[in-house]
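These notes are about the structure you will find just below.
The values are calculated or read from the model by the stated rules, or taken from the named source; none is laboratory data. Worth saying up front: this structure is predicted, and the values here are computed from it rather than measured. Virtual Cβ from ideal backbone geometry, glycine too; neighbours counted across all protein chains shown. Accessible surface is based on the protein model in full, side chains and every heavy atom, while ligands, DNA and RNA are left aside. Shrake-Rupley method; radii C 1.70, N 1.55, O 1.52, S 1.80 Å.
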Amino acid sequence: KSLDLLNRIILASTKEGDIVLDPFTGSSTTGIAAISHKRKFVGIDLEKEYLDLSIKRYNNLIKSHI
């Protein structure tokens with residue numbers, strides 16, 4: 001799913017501080033949208049490549065907001 005679509009879904013269905021769960025997180029686009037809008041995020045995936053990519057994307061997001 002696109003980041004723009006997930007931003008809209010996160011904003012429409014949650015409020016700041018809520019926890020967003022994505023049990024098939026893949027590259028964590030849902031998590032990036034959630035964290036960008038001050039939500040907490042729990043992502044689950046079995047594939048190490050996706051988890052590594054998710055960690056990299058999260059770290060890049062945090063660095064860009066410093």
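When the chain is described by a simple charge dipole with +1 on each Lys and Arg Cβ and -1 on each Asp and Glu Cβ, the residue from 11, 41, 21 located farthest towards its positive end is 11.
Run the dipole for the chain about the Cα centre, Lys and Arg Cβ at +1, Asp and Glu Cβ at -1, nothing else charged, and hand back the magnitude in debye, nearest 20. Could you put the intermediate results ahead of the total?
Numbers: 10 positive and 8 negative charges, 53 e Å.
That gives the chain a dipole magnitude of about 260 debye.
Of the accessible area of the chain, computed with a 1.4 Å probe over protein heavy atoms only, carbon and sulfur atoms account for 60 percent.
Roughly what angle does helix 48-64 make with the longest principal axis of the chain, taking Cα atoms, 0 to 90 degrees, to the nearest 10? Rounded to the nearest ten degrees, it is 50.
Rounded to the nearest 10 degrees, the inclination of helix 3-13 to the longest alpha-carbon principal axis of the chain is 50 degrees.
Think of a 1.4 Å ball rolled over the protein heavy atoms: the chain then has 73 Å² of accessible area per residue. Taking 25 Å as the straight-line reach from the Cα of residue 15, the lysines in range (excluding those fewer than 8 positions away in the same chain) are 1, 38, 40, 63. Considering every alpha-carbon pair of the chain, the percent of pairs per 10 Å bin, from zero through the bin containing the longest distance, is 23, 55, 21, 0.
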